[in-house]
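Structure record follows, encoded as structure tokens.
The values are calculated or read from the model by the stated rules, or taken from the named source; none is laboratory data. If you're wondering where the values come from, they're calculated on a predicted model, not measured in any experiment. Note that each Cβ is placed from the backbone with ideal geometry, even for glycine, and that neighbours are counted across all protein chains shown. In case anyone asks, the SASA skips ligands and DNA or RNA and just uses the protein heavy atoms, side chains included. Shrake-Rupley method; radii C 1.70, N 1.55, O 1.52, S 1.80 Å.
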Protein chains: 4
Amino acid sequence: MNKAGHQFYVLKIDCPDAKGLVHQISGIFYHHGLNMVENEEFVDIENGHFYMRSEFEGHMDPVKVVEDLRQSLPEKANIELSEKHKKDVVLLVTKEYHCLGDLLVRHFFKDLQANILAVISNHHDLGDFVHKFNIPFHFISADKLERSEHEQVVNDTITKYNPEFLVLAKYMRILTPDFIHRYKNRIVNIHHSFLPAFVGAKPYVQAHARGVKMIGATAHFVNENLDEGPIIVQEVTQVDHQMDARQLAKSGRDIEKIVLARALKLVFDDRVFVSDNKTIIL
Amino acid sequence: MNKAGHQFYVLKIDCPDAKGLVHQISGIFYHHGLNMVENEEFVDIENGHFYMRSEFEGHMDPVKVVEDLRQSLPEKANIELSEKHKKDVVLLVTKEYHCLGDLLVRHFFKDLQANILAVISNHHDLGDFVHKFNIPFHFISADKLERSEHEQVVNDTITKYNPEFLVLAKYMRILTPDFIHRYKNRIVNIHHSFLPAFVGAKPYVQAHARGVKMIGATAHFVNENLDEGPIIVQEVTQVDHQMDARQLAKSGRDIEKIVLARALKLVFDDRVFVSDNKTIIL
Amino acid sequence: MNKAGHQFYVLKIDCPDAKGLVHQISGIFYHHGLNMVENEEFVDIENGHFYMRSEFEGHMDPVKVVEDLRQSLPEKANIELSEKHKKDVVLLVTKEYHCLGDLLVRHFFKDLQANILAVISNHHDLGDFVHKFNIPFHFISADKLERSEHEQVVNDTITKYNPEFLVLAKYMRILTPDFIHRYKNRIVNIHHSFLPAFVGAKPYVQAHARGVKMIGATAHFVNENLDEGPIIVQEVTQVDHQMDARQLAKSGRDIEKIVLARALKLVFDDRVFVSDNKTIIL
Amino acid sequence: MNKAGHQFYVLKIDCPDAKGLVHQISGIFYHHGLNMVENEEFVDIENGHFYMRSEFEGHMDPVKVVEDLRQSLPEKANIELSEKHKKDVVLLVTKEYHCLGDLLVRHFFKDLQANILAVISNHHDLGDFVHKFNIPFHFISADKLERSEHEQVVNDTITKYNPEFLVLAKYMRILTPDFIHRYKNRIVNIHHSFLPAFVGAKPYVQAHARGVKMIGATAHFVNENLDEGPIIVQEVTQVDHQMDARQLAKSGRDIEKIVLARALKLVFDDRVFVSDNKTIIL
């Protein structure tokens, strides 16, 4: 809420495309006296689907607005209307500090559109660092636990915080489909990526052996196939034969932290729509 | 026109922002039974200005549509509605082949949204090359001519072709304000660019002496200040101390031809609005 | 040979690393009175292998220099010493013009360190374009021929020109291991590339369905696994959800032609060493 | 020193070019039984100047090695031989956190080839953050002080730490030529940069008004002309008309911190030579 008592809202709509949609929606805004400060639409011609994201300033009764929209729009419309707010998130990490460090620093200086409620890790290494920022750090060892047992403890811990999003900031554990399903399109992961792709252990060693000339990072939502959910942001950087696997990994980490931060900005600003296995970003 | 007898149109509107604009405009489309296949809007909040670009398919009476729009929109609205078409262009070049070559090849394979009507040069060097593509080449020497006299001949030649756009594909002559005024926002230039900027002769020699780590290119509309009109596309490439001025120039040329081609695609697709000294690209 | 009657040479050496190699090699240069104008070395520490590339100006008896080098260097040393020269090449294409066009234009303006001796295609489409540049075009249809039969005719045609390198400038046929073996590390291919990789038909359609945020190109030597030989140059460009498969392909083509040209410059300047499945570029 | 008691050294040489230099230098290494693990040379043909950087492992008497080198090399040779070590640095900042945060986090995780001895600022804002990392923070207000007075206090504070390098991590004060002279080629600055350049206040506001399509950052050594010393690293990122000045600045900050970190890695690894107003990076 700004000082004039005005509030800011974000509306996300997606539905089967139809003639006159923009006219109907903008009519409702007009009728409610809403002042649009940003608006983007996209029509996926191939699949006949309409996407729209708007930001408003004004006084509104959100329930009434959504009701009016629902009456105008096709039955299957997805409508999300919410006051602009910092998203509640929990971070999951393992041992690598680069993404975590970047996010905690941005958070400390209030430059991340999120409240980091807690950090959970299957290793203790990053605890001291997290404590500097007065954020709860939960070390949940996976030693002597079945995958499902460990995940159960992790999940119980997460549940206490009731986060809107989970961020896998270099969390090196595979999640079960059950867990992923519970947070559908609400888990963001950062993953190194290469051309060609290298599966299996030690990807930077493989990439070095293969003499790649660029390495990259992909931020994506997590679905059942861990590293293959809908892509949000991708970026690469040039490398050369002089860099050994360790140096490649170092370059990769710089890209990863920037890519993750960019992706989270888009997600936390409610700009990302997921359609099947891809994203539309407005 | 496609095989169903349908036609494709592009509409560009910009006007002072006002509540309900999208509603009014989309109402007119709806009323005329037009099928929108692409639509983008942008509101410049700071300056209170509204921009919109739409593509339609359908049968329409353009005069009637523009009339209806004009009645709904603020008085100062700019409205351009035209059938989608290849733009008629004349290229101006001097001695460098890289941009010219790229454009003529794309044109030959019908991959440029333009008809290249003629190429004009103040040197004869590129004539043989242009003739391969069966395009008129006019060598207009500037020897023994005043700037204004030479430009007069150039202008007379251009006039015969009645082009919609002029492309300065490495034309190394300064144009007079009169000339530029005649083709306001219709002359696209490609210019090398550096960080920091180097004014004066032999920019690549200066850039090398300064040890820049990247060189770039800027495609822009030409206004009274030759290399400082509204920017359409910019791109850079990494360079290093091993490259001498000649190699820097070579790298620069690769960037220039790609940047010019990208900019022309945007311009010829009617995606570029000019506002003061900047562009909005929808 | 320059006007002073001097000649320019390029020397490439690679051999198992040993103490004092640079000292020995530079001693031989010194002894022969050679003036080094460029020199690069690289030691692959992991594999204990030494790489060196030098450019010289001067008068020399190449046979004697190589002899002296061979006596000083480890037994398994690879030594290539040749006068700087334009490489003789044959291009293979199918239907796409973008790489071919870029190379022919550079060649016409003597900006490619190569003599393009001929263009061979399994389709006739690009013939008219090639003829503009007075370069032989061989249309060798694959219709009604076994793969090996077609390749035999292609190979016979190539043989007549005795090229040093083959360039697959969007040649959409798979080559047999026999053929590839014959031109080991002398065939350069350009290949679209994606993160993640898409195998099978219509990669741009797959990439679009997957919502990739960047697309790229990889230039590489061809080995037994068509698209997986040693990488020479890679580059990517940003794309977004607004681009359909056709537009993605268009963006991809701009990257492909630049990447292929950069790779060929490195190869034709004798800068690329191949070690197993990777390149070292000096 | 590694566990075998071996030490690692870096040697930097630059001198007027002469025939046989590499031979002479490598002879001295060989004579001293040194094992080269990395070596790069560069000859600036235009200016006839030779640059070389080597890394060694072994036991050596550095004084003796330098003595031998000095006898072999031209009189004006610059020779720096030092054991590999983390560089002692002092950071100067004002109010912006992004570069400082990135460096402190890397430092905390021992990923910066430097010991950050202290942070000095003309504002108090960043003090709490710095204290988290147990690094001395000196707030030296410039209020009511002449420029030279303030700088005197800053300088006195720096002197106590006796740093090898100063890093201006968004220090928004102009330094006097005297100060700069004292730390010649030992002050690294990070500076936003634009095409075209914008001088004067609020560069991001100017850049936005001009509609630039990319913004960048330049890390450089500081010389008498504050933002124009020898460039170490440059990078840019794409922006568009939708971003207001505040968002441009945010994008700029992400680039700045990455560019500064890359530049410091090169400097702290003794890879950067300065020649007049440019750098050679080996």
Q.
Taking the condition of being under 24 Å from C:V105 (Cα atoms) and charged (D, E, K, R), how many residues in region B:221-273 meet it?
A. 10
**Q.** Qualifying positions in region C:228-246 - within 8 Å of chain A (Cβ to nearest Cβ) and not polar (S, T, N, Q)
**A.** C:E228, C:P230, C:I231, C:I232, C:V233, C:E235, C:V236, C:D240, C:H241, C:D244
Q: Might you let me know whether region C:137-144 holds any residue that is closer than 27 Å to C:K84 by Cα and assigned by TED's automatic domain parsing to the domain that holds C:A261?
A: no
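Results for (1) farther than 30 Å from A:D44 by Cα; (2) of a type outside the set (G, A, S); (3) assigned by TED's automatic domain parsing to the domain that holds C:K257, shown as yes or no for each residue.
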{"residue": "C:E164", "(1), (2), (3)": "yes, yes, yes"}
{"residue": "C:I180", "(1), (2), (3)": "yes, yes, yes"}
{"residue": "C:V199", "(1), (2), (3)": "no, yes, yes"}
{"residue": "C:A209", "(1), (2), (3)": "no, no, yes"}
{"residue": "C:G216", "(1), (2), (3)": "no, no, yes"}
{"residue": "C:H220", "(1), (2), (3)": "yes, yes, yes"}
{"residue": "C:N225", "(1), (2), (3)": "yes, yes, yes"}
{"residue": "C:E228", "(1), (2), (3)": "yes, yes, yes"}
{"residue": "C:Q234", "(1), (2), (3)": "yes, yes, yes"}
Q) Just for region C:187-226: of the residues that are among the aromatic types (F, W, Y) and free of Cβ contacts under 8 Å to residues at least 40 places away in the same chain, which one is nearest to the other protein chains (Cβ to nearest Cβ)? A) C:F194
Q) Just to be sure, is C:Q242 out of contact with any helix residue (DSSP H, G or I) (no Cβ under 7 Å at 6 or more places or on another chain) and free of Cβ contacts under 8 Å to residues at least 24 places away in the same chain? A) yes
Q.
Just to check your reading of the model, which residue among B:N185, B:N189 is in contact with a Gly (Cβ under 9 Å, 6 or more places away or on another chain), among the polar types (S, T, N, Q), in the same structural domain as B:T159 (by TED's automatic domain parsing) and at positive phi?
A. B:N185
Q. Within region D:256-277, restricting attention to residues that are free of Cβ contacts under 8 Å to residues at least 60 places away in the same chain and open to solvent by 20 Å² or more (accessible area, probe 1.4 Å), which residue is nearest to the other protein chains (Cβ to nearest Cβ)?
A. D:N277
**Q.** Scan of region A:122-157 for residues that are away from chain D (no Cβ under 14 Å) and closer than 30 Å to D:K250 by Cα, ordered by number
**A.** A:P136, A:F137
Q: Residues being closer than 21 Å to C:H98 by Cβ, without any contact (Cβ under 8 Å) to a residue 40 or more places away in the chain and of a type in the set (V, I, T): count how many of those fall in region C:129-168.
A: 2
(Q) Quick check on my filter: what residues within region B:8-51 are acidic (D, E) and touching a residue at least 40 places away in the same chain (Cβ under 8 Å)? (A) B:D14, B:E40, B:E41, B:D44
Q: Go through region D:197-244 and count every residue that is hydroxyl-bearing (S, T, Y), open to solvent by 20 Å² or more (accessible area, probe 1.4 Å) and not in a helix (DSSP H, G or I).
A: 1
Q. Restricting the search to region A:213-235, which residues are at pLDDT below 90 and among the hydrophobic types (A, V, I, L, M, F, W, C)?
A. A:L226
Q) Can you pull out the residues in region A:58-83 that are among the small types (G, A, S) and in a strand (DSSP E or B)? A) A:G58, A:S82
(Q) Out of everything in region A:104-139 that is of a type in the set (S, T, N, Q) and over 17 Å from D:K132 (Cα atoms), what residue ends up being nearest to the chain's Cα centre (by Cα)? (A) A:Q113
Q | Test: B:A142 is among the small types (G, A, S) and more than 19 Å from the chain's Cα centre (by Cα) | A | yes
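Table: residues versus (1) more than 9 Å from chain C (Cβ to nearest Cβ); (2) under 21 Å from C:F42 (Cβ atoms); (3) touching a Leu at 6+ places or on another chain (Cβ under 9 Å).
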{"site": "D:F8", "(1), (2), (3)": "yes, yes, no"}
{"site": "D:C15", "(1), (2), (3)": "yes, no, yes"}
{"site": "D:S26", "(1), (2), (3)": "no, yes, yes"}
{"site": "D:H32", "(1), (2), (3)": "yes, no, no"}
{"site": "D:V37", "(1), (2), (3)": "no, yes, no"}
{"site": "D:E41", "(1), (2), (3)": "no, yes, yes"}
{"site": "D:F50", "(1), (2), (3)": "yes, yes, yes"}
{"site": "D:F56", "(1), (2), (3)": "yes, yes, yes"}
{"site": "D:E67", "(1), (2), (3)": "yes, no, no"}
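Taking the conditions exactly as written (more than 28 Å from the chain's Cα centre (by Cα), among the aliphatic types (A, V, I, L, M) and at pLDDT 85 or above), does D:I28 satisfy them or not?
Considered against the rule, which asks whether it is more than 28 Å from the chain's Cα centre (by Cα), among the aliphatic types (A, V, I, L, M) and at pLDDT 85 or above, D:I28 comes out as yes.
Which of the residues spanning region B:177-186 are more than 14 Å from chain D (Cβ to nearest Cβ) and either under 25 Å from B:T237 (Cα atoms) or open to solvent by 30 Å² or more (accessible area, probe 1.4 Å) (or both)?
Across region B:177-186, the qualifying residues are B:P177, B:D178, B:H181, B:R182, B:K184, B:R186.
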Q. Looking at region A:86-105, which of its residues are in contact (Cβ under 8 Å) with a residue 60 or more places away in the chain, outside any helix (DSSP H, G or I) and either away from chain D (no Cβ under 12 Å) or touching a helix residue (DSSP H, G or I) at 6+ places or on another chain (Cβ under 9 Å) (or both)?
A. A:K86, A:K87, A:D88, A:V89, A:V90, A:L91, A:L92, A:V93, A:T94, A:E96
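Would you tally the residues in region A:126-151 being at negative phi and exposed (fewer than 15 other Cβ atoms within 10 Å of the Cβ)? Break it down into steps so the answer makes sense when it comes.
Quick first cut of region A:126-151, residues at negative phi only: A:126-133, A:135-143, A:145-151.
Narrowing the set further to residues that are exposed (fewer than 15 other Cβ atoms within 10 Å of the Cβ) leaves A:127-128, A:131, A:139, A:141, A:143, A:145-149.
Within region A:126-151, residues that are at negative phi and exposed (fewer than 15 other Cβ atoms within 10 Å of the Cβ) number 11.
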Q. Any chance region B:106-117 includes a residue that's in contact (Cβ under 8 Å) with a residue 12 or more places away in the chain, assigned to a loop (DSSP other than H, G, I, E, B) and loosely packed, with under 15 Cβ neighbours inside 10 Å?
A. no
Q: Could you tell me which numbered condition D:A249 fails, if it satisfies all but one of (1) open to solvent by 10 Å² or more (accessible area, probe 1.4 Å); (2) more than 12 Å from chain B (Cβ to nearest Cβ); (3) in a strand (DSSP E or B); (4) among the aliphatic types (A, V, I, L, M)?
A: (3)
Q. Within region B:52-82, which residues are among the polar types (S, T, N, Q), open to solvent by 30 Å² or more (accessible area, probe 1.4 Å) and in contact (Cβ under 8 Å) with a residue 24 or more places away in the chain?
A. B:S72, B:N78, B:S82
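Those residues that are assigned to a helix (DSSP H, G or I) and within 24 Å of A:K265 (Cα to Cα), I need them from region A:132-178; list them, please.
The first filter runs over region A:132-178 and keeps only residues assigned to a helix (DSSP H, G or I), leaving A:132, A:147-161, A:177-178.
If the condition is that a residue be assigned to a helix (DSSP H, G or I) and within 24 Å of A:K265 (Cα to Cα), then A:K132, A:I158, A:T159, A:Y161 are the ones that fit.
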